[in-house]
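K.L.:
So that we are looking at the same thing, I have put the structure below in structure tokens.
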Amino acid sequence: MYDKHILIEDSLHSSDGDRTHASVEVRMPYYRGLGLSMVEGVDLVVDGRPIPADATTFTVRGTTYPITGLAEVLDDRWEMGEPARIDFDAATPLGPGEHTVTAVVRLRISYMPVPGGGRDTKTLTLA
């Protein structure tokens, strides 16, 4: 339902000179906010290459968490529509120009018998 709105346009940025450390912003694919312990992960694929979970962090409202540690975060939330920044280390440098990015947000919703979340793929431009 909200899948096409997960990846935020114009949010792909590189934060180092060799372009191996980058970030992208995502939104929650659910109609309400959830505690971060209910976010099972955000999987990224950039130009067909999966980014390992241990090479990513999740930042919401200025607080950064390792993606692999979100299950233990009991005192913070991710609200519907609120951007979260996913920082990642790419195995190869990301050159300027267009890159195909896929984000899969995996959610655990207490009253749903099936896993929640969504998938979005967009072509984003790195300046």
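K.L.:
Between residues in region 89-106 that are over 17 Å from Asp10 (Cβ atoms) and residues that are at pLDDT below 95 and loosely packed, with under 12 Cβ neighbours inside 10 Å, which pairs lie under 6 Å by C-beta distance while being six or more apart or on different chains?
P.N.:
From region 89-106, the pairs are Pro93/Asp18.
K.L.:
Only one of (1) within 21 Å of Lys4 (Cβ to Cβ); (2) at pLDDT 95 or above; (3) among the β-branched types (Val, Ile, Thr) fails for Thr125. Which number is that?
P.N.:
With respect to (1) within 21 Å of Lys4 (Cβ to Cβ); (2) at pLDDT 95 or above; (3) among the β-branched types (Val, Ile, Thr), Thr125 is out only on (2).
K.L.:
Counting just the residues of region 21-40 that are of a type in the set (D, E, K, R) and outside any strand (DSSP E or B), which one comes out nearest to Ala103 (Cα to Cα)? Spell out the reasoning first.
P.N.:
First, pick out the residues of region 21-40 that are of a type in the set (D, E, K, R): 25, 27, 32, 40.
Next cut, outside any strand (DSSP E or B) only: 27, 32.
Numbers: Arg27: 10, Arg32: 19 Å.
The selected residue is Arg27.
K.L.:
Ok, one more. Could you figure out which of (1) farther than 17 Å from His13 by Cα; (2) at pLDDT 95 or above isn't true of Ile86?
P.N.:
For Ile86, the exception is condition (1).
K.L.:
Considering every residue within region 56-69, establish whether at least one is surrounded by 17 or more Cβ atoms within 10 Å (Cβ to Cβ), closer than 17 Å to Val105 by Cβ and modelled with pLDDT under 95.
P.N.:
The answer is no; no qualifying residue exists.
K.L.:
Go through region 46-68 and give me each residue that's among the β-branched types (Val, Ile, Thr), assigned to a strand (DSSP E or B) and under 10 Å from the mean Cα position of the chain (by Cα).
P.N.:
Thr56, Thr57, Thr59
K.L.:
Would you mind stating whether Val45 is within 27 Å of Ala127 (Cβ to Cβ) and either touching a residue at least 12 places away in the same chain (Cβ under 8 Å) or crowded, with 16+ Cβ neighbours inside 10 Å (or both)?
P.N.:
Numbers: within 27 Å of Ala127 (Cβ to Cβ): yes; either touching a residue at least 12 places away in the same chain (Cβ under 8 Å) or crowded, with 16+ Cβ neighbours inside 10 Å (or both): yes.
Yes.
K.L.:
Return yes when Asp16 is exposed (fewer than 12 other Cβ atoms within 10 Å of the Cβ), over 12 Å from the mean Cα position of the chain (by Cα), under 16 Å from Asp120 (Cβ atoms) and among the charged types (D, E, K, R) and no when it is not.
P.N.:
Here the answer is no, as Asp16 does not meet what is asked.
The values are calculated or read from the model by the stated rules, or taken from the named source; none is laboratory data. Fair warning: this is a prediction, and the values are worked out from it, not measured in the lab. Please note: Cβ atoms are built from the backbone with ideal geometry, for glycine as well, and neighbour counts cover all protein chains shown.
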